[in-house]
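Student: After the structure tokens below, expect a handful of questions from me.
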Amino acid sequence: MDTVICPRCGATIPSSSAFCGVCGTPLSAQPSGTAVPQQPTPPAESAPPQAGQQFSGGQPLPPPGSYPPPGGAFPPPPGAYPPGFAGTKVVGDSTKWAIGLGVAALFCCGPLTAIPGFLLAKKDMDEFASGRAPHLDVSWSKMAYYLNIIALILFVAGICLFWGRLAPFRHF
């Protein structure tokens, strides 16, 4: 399997990768003449890596307890993280669902969709706050959270208004 060297950080990446697994630099513009044969990898050490140790690309390992890479291996395999650049925020899948459920709650479904939407938005907010998902755009999660709360309040107000208007017609 051929590998290429990242022009930005110098990490060795499989030639099939579109982005550098260490720094996120797009590799599609790199000329094909820089491919080097892959060298055999040494056997993995039994001791876990320590904070401050260097891995491929010359970057230090994150401190213990920080955001774990997929599969728990250091360094993470190329392409394990979504491509992007430093500072890029994404809207989480739970937040996308929460927004859709909040809109449905406003127009037709009330608490049947507002309560799950509220819980999904809260899940992404908690993931961001704990540091497990620093790539999430928490502002969208907050917007979905409040949208579902407003939908619940409007539903309760509508029920109260509905039953209040029926009060003169009830005979006990």
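Student: Go through region 7-48 and give me each residue that's more than 25 Å from the chain's Cα centre (by Cα), crowded, with 16+ Cβ neighbours inside 10 Å and at pLDDT 50 or above. Outline the logic, then answer.
Tutor: Keep residues of region 7-48 that are more than 25 Å from the chain's Cα centre (by Cα), which gives 7, 10, 12, 15, 29-48.
Okay, now just the ones that are also crowded, with 16+ Cβ neighbours inside 10 Å, so 12, 30.
Selection gives T12 alone.
Student: Continuing with this model, one more query. I'd like the full set of residues that are surrounded by fewer than 11 Cβ atoms within 10 Å (Cβ to Cβ) and modelled with pLDDT of 90 or more, limited to region 154-172. Reasoning before the result, please.
Tutor: At the first step, the residues of region 154-172 found to be surrounded by fewer than 11 Cβ atoms within 10 Å (Cβ to Cβ) are 157, 160-172.
A157 - this is the single residue of region 154-172 that is surrounded by fewer than 11 Cβ atoms within 10 Å (Cβ to Cβ) and modelled with pLDDT of 90 or more.
Student: Tally up the residues in region 81-102 that are small (G, A, S), at pLDDT 90 or above and either within 14 Å of the chain's Cα centre (by Cα) or assigned to a loop (DSSP other than H, G, I, E, B) (or both), please.
Tutor: So the answer is 1.
The values are calculated or read from the model by the stated rules, or taken from the named source; none is laboratory data. Everything quoted here is computed from the prediction, not taken from an experiment. Here Cβ is always computed from backbone atoms with ideal geometry, including for glycine, and neighbour counts include all displayed protein chains.
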